[in-house]
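To start, the structure itself, in structure tokens.
Only the coordinates and a few stated rules stand behind these numbers; no lab work does. Just so you know, these numbers come straight off a predicted model, no measurement behind them. In this analysis, Cβ positions are derived from the backbone assuming ideal geometry, glycine residues included, and neighbour counts consider all displayed protein chains.
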Amino acid sequence: MANDDQGTASPSLNILAQYIKDLSFENPGAPRSLQSRDKAPAININVNVNANPLSDSDFDVVLALNAEAKEGEKVLFAAELIYGGVFRVTGFPQEHMLPVLFIECPRLLFPFARQIIADATRNGGFPPLLIDPIDFAQMFAQRVSEEQARAKVQAVPN
């Protein structure tokens, strides 16, 4: 049943499309960077999520992943992926829209983006980089608290 007793639509979240917007893999020291090493390189991973409305119910959610492996100051590889999805979001109360867009949508995109990064690093001659699961709820909570702190600073008169 699509409607509840009040005549409002049941919450619905559908993926209409998924796409790679940008994919980059750099192996600047190849073939020397592919030599075996005594210790694992330092790997830094950055994650960002953005969402933009396309219509009243359709949203473009973009997951950006940047991974860089270094040995000392030397970059072994750098991978960048901007992976998006078009989502149809209907029936959610307005106060739930941001959590749906910034937690649930990237949670659905992440396994695909993770596989693309793993394949790119493997195809670049390295062991596949399997990014650990990401706590998008914690990321969202941190982003909200940072924006609230920024708003408080801006509200203070000089």
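Listing F102, F87 from the residue with the fewest other Cβ atoms within 10 Å to the one with the most, what is the order? Walk me through the numbers before you get to the answer.
Working: F102 21, F87 24.
Lowest to highest Cβ neighbour count: F102, F87.
How many nm separate the modelled label positions at N66 and K152, each set 7 Å beyond the Cα in the direction of the Cβ?
Here the answer is 2.8 nm between the modelled labels.
I need the peptides 104-115, 17-28, 54-65 ranked by packing, meaning the mean over residues of other C-beta atoms within 10 angstrom, with the highest value on top. Before the final figure, lay out each step's value.
Values: 104-115: 18.6, 17-28: 13.2, 54-65: 17.0.
In decreasing order of mean packing, 104-115, 17-28, 54-65 become 104-115, 54-65, 17-28.
Going by alpha carbons, how many degrees (0 to 90, nearest 10) lie between the helix axis of 136-155 and the longest principal axis of the chain?
For helix 136-155, the angle is close to 70 degrees.
Using a ≥ b ≥ c from the Cα gyration tensor of region 115-158 (square roots of the eigenvalues), is it rounded, prolate or oblate, where a/c under 1.5 gives rounded and otherwise the larger of a/b and b/c decides, a/b for prolate?
On the way: a/c = 7.08, a/b = 3.32, b/c = 2.13.
It is prolate, given that a/c is not under 1.5 and a/b is the larger ratio.
For R32 paired with N44, estimate the spin-label separation in nm (one decimal), with each label point 7 Å from Cα along the Cα-to-Cβ line.
2.2 nm
Counting each pair of different Cα atoms once, what's the Kirkwood radius of the chain in Å, rounded to one decimal? Could the numbers behind the result be given before it?
Working: mean 1/r = 0.0554 Å⁻¹.
Taking the inverse mean of 1/r over all distinct Cα pairs, the chain comes out at 18.0 Å.
What GluC sites (Glu not before Pro) in region 41-85 are in a loop by DSSP, with at most 12 other Cβ atoms within 10 Å of the Cβ?
On the way: sites: E68, E71, E73, E80; in loops: E73.
Here the sparse-neighbourhood loop sites are E73.
Taking K70 as the anchor, which lysines have their alpha carbon closer than 17 Å to its alpha carbon, excluding any fewer than eight residues away along the same chain?
K39
Arrange the following residues from fewest to most other Cβ atoms within 10 Å of their Cβ: R150, R88.
Final ranking by Cβ density, sparse to dense: R150, R88.
Taking 0.36 nm per residue of separation and subtracting the Cα-Cα distance, what length does fully extending S55 through A17 add? Walk me through the numbers before you get to the answer.
On the way: separation 38, 0.36 × 38 = 13.68 nm, distance 1.47 nm.
Additional length available on full extension: 12.2 nm.
Roughly how tilted is helix 105-123, in degrees to the nearest 10 and between 0 and 90, from the longest Cα axis of the chain?
Long axis of 105-123 versus the principal axis of the chain: about 10 degrees.
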